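Colleague: Pasting a structure below so you can have a look.
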Amino acid sequence: MLVAYTYIRRFAQLGSRDVALVGGKNASLGEMVRELTVEGIRVPDGFATTAQAYYDFLTHAGLLESIRANLARLDPRDIAQLEQVGAEIRRSIVHAELPLLLAEELAAAYRELEKQYGPEPDVAVRSSATAEDLPEASFAGQHDSFLNIRGTADLLGTCRRVYASLFNDRAISYRASRGYDHMRVALSIGVQKMVRADLGASGVMFTLDTESGFRDVVFINAAYGLGENVVKGAV
């Protein structure tokens with residue numbers, strides 16, 4: 001029998017309509033697991049935390065008011081102040097304690113992955129914002145993901161680092177310039193089994209030709225190694 005979680009959703013439970021629940025990236029991963037696995041395509045499995053987990057973490061740690069106060073006094077055009085405020089917020093999040101229930105559920109969901117992939121599987125711990133890839137703005141790529149994370153202790157510490165990345169200097173500045181309320185954008189954490197980057201290619205697939213806009217083609221850029229090399233244009 002599968003465990004029923006408060007803060008965790010397995011990818012197989014998610015789909016494209018769950019952006020408000022787990023952000024754009026994790027909703028898309030869920031859609032892929034649900035729709036492609038049955039077609040024989042092996043999508044690395046995993047799970048996601050809910051947006052409510054993020055808000056409950058900030059509330060539990062007593063950080064909501066201090067973050068609001070820091071951002072309220074910020075002039076995003078003042079680079080030195082932006083760096084100072086961003087660093088202070090991130091430091092407070094990284095050193096905060098996760099709610100006990102969230103920590104327990106993260107550990108339990110990771111143990112489920114162990115049943116699939118063996119003891120202490122290496123995972124990618126990924127960020128997924130509830131405001132990614134909107135028609136009028138794109139927050140994609142502004143928040144951090146971490147690779148080759150092993151073990152429960154490493155996972156819990158990395159989750160705090162992912163939460164902290166919502167307040168990267170670039171992300172703060174972008175939200176301010178676009179008029180977005182910093183506290184209305186939540187972050188979901190995706191935990192996904194790593195795959196061997198030296199045994200297969202990774203990259204990006206588009207459902208159109210990116211040069212012409214032609215819709216009736218699937219366009220793939222890929223290379224051996226980490227997909228970031230393709231995304232950043234290094235390959």
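Colleague: If you plug each phi of the stretch 50-55 into the Karplus form 6.51 cos²θ - 1.76 cosθ + 1.60 with θ = phi - 60°, what whole-Hz ³J(HN,Hα) values come out, in order, with x for Gly and Pro?
Modeller: Result, ordered by residue: 7, 4, 5, 4, 4, 5 Hz.
Colleague: Tell me which residues come under 5 Å, amide H to amide H, from residue 188 once H is placed; ignore anything under 5 positions away on its chain.
Modeller: 128, 129, 130
Colleague: Counting only other residues whose beta carbon sits under 14 Å from that of residue 15, what net charge do I get with K and R as +1, D and E as -1? Walk me through the numbers on the way to the answer.
Modeller: On the way: positive: 9, 10, 17, 25, 34; negative: 18, 31, 35.
Result for the local shell: +2.
Colleague: Sticking with this structure for a sec: DSSP loop (so not H, G, I, E, B), at most 15 other Cβ within 10 Å: list which GluC sites (Glu not before Pro) in the stretch 132-235 pass both filters.
Modeller: Values: sites: 132, 136, 211, 228; in loops: 132, 136, 211.
Sparse-neighbourhood loop GluC sites (Glu not before Pro): 136, 211.
Colleague: Quick one: how many Å² of residue 204 are accessible to a 1.4 Å probe, rounded to 10?
Modeller: 40 Å²
Colleague: If you take every residue apart from residue 181 with its C-beta less than 13 Å away from the C-beta of residue 181, what net charge results, scoring Lys and Arg +1 and Asp and Glu -1? Present the calculation step by step, with values, prior to reporting the outcome.
Modeller: Values: positive: 68, 175, 178, 184; negative: none.
Counting the neighbours of residue 181, the net charge comes to +4.
Colleague: May I pose another question? Please compute the length gained on full extension between residue 218 and residue 79, using 0.36 nm multiplied by the number of residues separating them and subtracting their Cα-Cα distance. Let's see the in-between values first.
Modeller: Details: separation 139, 0.36 × 139 = 50.04 nm, distance 4.11 nm.
Here the answer is 45.9 nm.
Colleague: When only DSSP loop residues count, what trypsin sites (Lys or Arg not before Pro) in the stretch 139-200 have their Cβ near at most 14 other Cβ atoms within 10 Å?
Modeller: Working: sites: 150, 160, 161, 170, 175, 178, 184, 193, 196; in loops: 150, 196.
Passing sites in the stretch 139-200 are 150, 196.
Colleague: Please compute the net charge surrounding residue 117, taking Lys and Arg as +1 and Asp and Glu as -1 over other residues with Cβ under 13 Å from its Cβ.
Modeller: On the way: positive: 42, 111, 115, 150, 193, 196; negative: 45, 112, 114, 120, 122.
Net charge around residue 117: +1.
Colleague: Quote to one decimal, in nm, the extra length available between residue 211 and residue 55 on full extension: 0.36 nm per residue of separation minus the C-alpha distance between them.
Modeller: Details: separation 156, 0.36 × 156 = 56.16 nm, distance 4.01 nm.
Here the answer is 52.2 nm.
Colleague: Also, quick follow-up: Checking the a/c ratio against 1.5 first, then a/b against b/c, what shape does the Cα gyration tensor give for the chain?
Modeller: Details: a/c = 1.77, a/b = 1.18, b/c = 1.49.
Oblate shape, in that a/c is at least 1.5 and b/c is the bigger or equal ratio.
Colleague: If you don't mind, another one. Would you mind classifying the stretch 1-87 by shape? Square roots of the alpha carbon gyration tensor eigenvalues, ordered a ≥ b ≥ c; an a/c under 1.5 is rounded, otherwise it is prolate if a/b is larger than b/c and oblate if not. Can you show the working numbers first?
Modeller: Numbers: a/c = 3.87, a/b = 2.12, b/c = 1.82.
Verdict is prolate for the stretch 1-87.
Colleague: Another one. If I take R0 = 30 Å and measure r between the Cβ atoms of residue 12 and residue 232 in this structure, what FRET efficiency does the formula 1/(1 + (r/R0)^6) give, to the nearest 0.05? Spell out each step's value before the answer.
Modeller: Details: r = 31 Å, r/R0 = 1.02.
So the FRET efficiency works out to roughly 0.45.
Colleague: Moving on to the next point. Karplus couplings for the stretch 12-29 from phi (6.51 cos²θ - 1.76 cosθ + 1.60, θ = phi - 60°), rounded to Hz, Gly and Pro as x?
Modeller: After applying 6.51 cos²θ - 1.76 cosθ + 1.60, I find 5, 8, 10, x, 5, 8, 9, 4, 5, 7, 9, x, x, 5, 5, 4, 5, 4 Hz.
Colleague: Relative contact order of the chain, please, whole-number percent, based on alpha carbon pairs below 8 angstrom and at least 6 residues apart.
Modeller: Values: 388 pairs, mean separation 50.6, N = 235.
That works out to 22 percent.
Colleague: Ordering 32, 183, 205 by accessible area with a probe of 1.4 Å, largest first, what comes out? Could the numbers behind the result be given before it?
Modeller: Details: 32 80, 183 25, 205 125 Å².
Order by accessible area, largest first: 205, 32, 183.
Colleague: Can you run phi through the Karplus equation (6.51, -1.76, 1.60; θ = phi - 60°) for the stretch 74-83 and list ³J(HN,Hα) in whole Hz, with x for Gly and Pro?
Modeller: 7, 9, x, 7, 8, 4, 5, 5, 4, 5
Colleague: In addition: Would you mind checking which residues have amide H under 5 Å from residue 144's amide H? H placed 1.01 Å from N; only 5 or more apart, or other chain.
Modeller: Placed amide hydrogens put 165 under 5 Å from residue 144.
Colleague: Given springs between every Cα pair under 10 Å in a Gaussian network model of the chain, which of 216, 18, 144 has the largest fluctuation?
Modeller: Per the Cα network of the chain with a 10 Å cutoff, 216 tops the list.
Colleague: Using the heavy atoms of the protein chains alone and a 1.4 angstrom probe, what is the accessible area of the stretch 22-121 per residue in square angstrom?
Modeller: Working: 5210 Å² over 100 residues.
Normalised by residue count, the accessible surface of the stretch 22-121 is 52 Å².
Colleague: Hey, with R₀ at 45 Å, roughly what FRET efficiency would residue 202 and residue 66 work out to, going by the Cβ-Cβ distance, to 0.05? Working shown, then result.
Modeller: Working: r = 39 Å, r/R0 = 0.87.
Efficiency, rounded to the nearest 0.05: 0.70.
Colleague: Sticking with this structure for a sec: Over the chain, with every protein chain in place, what whole percent of the accessible area is carbon and sulfur at 1.4 Å, could you tell me?
Modeller: Numbers: 6660 of 12720 Å².
The value for the chain is 52 percent carbon and sulfur by accessible area.
The values are calculated or read from the model by the stated rules, or taken from the named source; none is laboratory data. Values in this document were obtained by computation on a predicted structure and should not be read as measured data. Reconstructed Cβ throughout: ideal geometry from the backbone, glycine too, with neighbour counts over all protein chains shown. Note: accessible area is taken over every heavy atom of the protein model, side chains too, but ligands, DNA and RNA are not part of it. Shrake-Rupley method; radii C 1.70, N 1.55, O 1.52, S 1.80 Å.
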